[in-house]
1. Could you give the Stokes-Einstein D for the chain in µm² per second, using the C-alpha Kirkwood radius, 37 °C, 0.692 mPa s?
2. Rounded to the nearest 500, what is the chain's calculated 222 nm mean residue ellipticity when only DSSP H runs of at least 4 contribute -39500 (n - 2.57) each, over all residues?
3. Can you pick out the pairs among K61/K147; K187/K286; K103/K220; K257/K293; K149/K182; K103/K182 whose Cα atoms lie more than 19 Å from each other?
4. If you stretched the chain out fully between D126 and H235, how much longer would it get, using 0.36 nm times the residue separation minus the C-alpha to C-alpha distance?
5. Positive end of the charge dipole of the chain (Lys, Arg +1 and Asp, Glu -1 on Cβ, about the Cα centre): tell me which of G162, I314, V175 has its Cα farthest that way.
6. Among H245, H63, H235, determine the one that fluctuates most according to a GNM of the chain built with springs between C-alpha atoms less than 10 Å apart.
7. For N275 and N178, what does the FRET efficiency come to when R0 = 45 Å and r is the distance between their Cβ atoms, rounded to the nearest 0.05?
8. Starting from 0.36 nm per residue, how many nanometres of slack lie between Y205 and L144 once their C-alpha separation is accounted for?
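The values are calculated or read from the model by the stated rules, or taken from the named source; none is laboratory data. Keep in mind it's a predicted model, so treat the numbers as computed, not measured. FYI the Cβ positions are ideal-geometry reconstructions off the backbone, even for glycines, and counts take in every protein chain you see. We work out accessible area using only protein heavy atoms, side chains counted, and drop any ligands, DNA or RNA first. Shrake-Rupley method; radii C 1.70, N 1.55, O 1.52, S 1.80 Å.
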Amino acid sequence: IGGITGNRTTLIIVPILAAAGLYVQKTSTRSITSPAGTSDTMEVLAPVGLSMQQIKHIVEKTHGCMVWGGTLDLASADDKLIKIEKPLNLDPQGILLASIMAKKVSVGATHVLIDIPLGPEAKIKDRLKAVDLKKKFIQLSKKLKIKVKVIITDGIQPIGRGIGPALEARDVMMVLQNRGPKDLRNKSLMMAAELMKMTGIKNAYQKAEEILTSGKAERKMREIIKAQGGNANIHPDEITIGPYHHEIYTNKAGTIKNVSNNQISRIAKIAGAPNDKGAGIYLNVKLNDKVQKGDLLLTIYAENKDKLKNAIEIIEELVKVR
């Protein structure tokens with residue numbers, strides 16, 4: 001349901017499932033309240049504004065696609081609501097339910113996995129509310145005759161290291177090369193395995209892991225990138241990051257006690273994300289990491305000097321080392 005910075009699992013799950021022989025026609029929105037949505041990040045690697053005919057051809061050829069639903073008029077009422085939600089920074093529950101399920105129905109999805117991150121700064125902050133939302137998704141799926149599984153996951157901090165379209169795309173390609181953030185890798189494998197189990201595949205986690213570690217998922221991702229009109233040979237280090245940057249260091253030794261999703265998101269957006277694809281934040285530390293005096297906490301990237309200056313002013317007020 002979004003709301004957690006980073007968390008770019010879709011771009012890893014889709015090639016794993018497609019390499020396993022499943023058909024995954026994944027449509028996503030652009031960012032509503034975060035520094036990058038799935039479509040914003042995929043657009044760093046390949047065009048996402050494709051026609052229905054193009055999508056059909058790509059899915060038939062590669063078994064998977066990751067496109068923006070906004071050009072397809074799949075759920076036209078939802079597209080209009082998103083235009084209102086984004087400038088107001090809103091994502092109310094009723095619209096969230098309708099938005100997600102309408103798009104699944106419109107593309108003919110048969111199996112859907114819903115991820116509800118739970119945390120103090122996630123969209124859902126209370127476990128009882130998460131369980132209630134889970135029930136509503138399941139009730140709606142029965143009426144729509146779609147097989148749905150809902151998981152409640154840890155949303156206490158960002159998933160991955162990069163925050164912002166280009167930085168998140170780099171994380172994704174590194175995970176597909178069996179390096180990069182372990183939390184993003186582990187969550188993607190878990191979710192891919194859940195979907196594989198839903199379709200009757202046995203030993204799903206082991207098979208998902210084999211597809212990833214063997215390089216099959218990376219090859220499938222590059223096949224999808226090429227089919228969507230992108231550069232299939234792109235290396236993670238070739239992904240263009242904002243040329244202007246600023247590093248934040250600790251002034252004493254200690255332990256990371258909190259990583260604020262809200263403030264990380266706010267600063268990345270002030271730096272220019274998601275409209276400026278190369279803008280965002282790279283996190284060098286995560287929750288419970290030990291740091292020494294002078295260690296690098298994070299780096300802010302921007303495509304514009306003034307936006308970087310604005311982001312620095314905000315973060316210097318926020319970052320307190322106790």
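1. In µm²/s, the coefficient is 164.
2. Calculated at 222 nm, the ellipticity per residue is -14500 deg cm²/dmol.
3. The pairs that break the limit, which is 19 Å between Cα atoms, are K61/K147; K103/K220; K149/K182; K103/K182.
4. 35.2 nm
5. Projecting each Cα onto the dipole axis, the largest value belongs to V175.
6. It is H235.
7. 0.90
8. Using 0.36 nm per residue and subtracting the Cα-Cα distance, I get 19.1 nm.
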